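Taking it in order: structure first as structure tokens, then the write-up.
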Amino acid sequence: DAKTTQPTSMDCAEGRAANLPCNHSTISGNEYVYWYRQIHSQGPQYIIHGLKNNETNEMASLIITEDRKSSTLILPHATLRDTAVYYCIVRVAGTGGGNKLTFGTGTQLKVEL
Amino acid sequence: NAGVTQTPKFRVLKTGQSMTLLCAQDMNHEYMYWYRQDPGMGLRLIHYSVGEGTTAKGEVPDGYNVSRLKKQNFLLGLESAAPSQTSVYFCASRFTGHSSGNTIYFGEGSWLTVV
């Protein structure tokens, strides 16, 4: 799986959009970008994933650059409950190797009043 | 539908003692995983299973054993606990198949302290 690089921490004002960047310059053509988050002391929670097109769901939007070397997770209206560590993970979809997720240290997002 | 359930949630062990963590999922998932998370770090994979009766080593398997006798259960065993195994342990599961959307679901964690 390709390596990802994320900022260690970010702050965001409540009600504003939170834009979390991720670099994955060595991503290969069949690797997807996944985002998970971990609220303090809880198990990680799936947010969104994509291959090359931008994606949106009820939680967030995922913007992937045309060369696929970086992406941005957007929380459109951050709330205090979005304070968490956000993990950007790149992996191949399919059954090989048990489809393991490899976690880095992620970005600690702090949403403040 | 309980999802992924881990027991116990908290445990204190003495060095050298043994214990088993139980993970149960009611979603009929084929794949199951055990991760550990140390302070300030991301999750690291200990062992995983791609189906009943099969297990495989992950990134940090030493000092742990696992068993998958039933599809819905994945057990993590510590035969002789060491202080270095003090950590939070997370179990996870997912469907098999080639869909990229087969997301992984995590349990709420088990806090283990070895003194």
Out of the residues in the range B:1-27 that are free of Cβ contacts under 8 Å to residues at least 60 places away in the same chain and polar (S, T, N, Q), which is surrounded by the fewest Cβ atoms within 10 Å (Cβ to Cβ)?
B:ASN1
Options B:TYR31, B:TYR35; residue that is hydroxyl-bearing (Ser, Thr, Tyr), within 14 Å of chain A (Cβ to nearest Cβ) and under 22 Å from B:VAL115 (Cα atoms):
B:TYR35
For the range A:1-112, give me every one of the strands (runs of 3 or more DSSP E) that falls completely inside it and has 2 or more residues that are aromatic (Phe, Trp, Tyr), closer than 26 Å to B:GLU59 by Cα and in contact with a strand residue (DSSP E or B) (Cβ under 9 Å, 6 or more places away or on another chain).
A:31-38, A:84-92
Could you check how many residues of the range B:78-92 are of a type in the set (Gly, Ala, Ser) and in a loop (DSSP other than H, G, I, E, B)?
3
Provide a single number: the residues in the range B:93-115 that are assigned to a strand (DSSP E or B), facing chain A (nearest Cβ under 10 Å) and at pLDDT below 95.
3
Only one of (1) small (Gly, Ala, Ser); (2) surrounded by fewer than 15 Cβ atoms within 10 Å (Cβ to Cβ); (3) more than 9 Å from chain B (Cβ to nearest Cβ) is not met by A:SER41, so which one is it?
(3)
Suppose we keep only residues that are touching a Gly at 6+ places or on another chain (Cβ under 7 Å) and of a type in the set (Ser, Thr, Tyr) within the range B:19-58. Which one would you say is nearest to B:THR103 (Cα to Cα)?
B:TYR31
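The values are calculated or read from the model by the stated rules, or taken from the named source; none is laboratory data. Being a predicted model, the structure only gives us computed values, none of them experimental. Every residue, glycine as well, gets a Cβ built from its backbone with ideal geometry; the counts of neighbours run over all protein chains shown.
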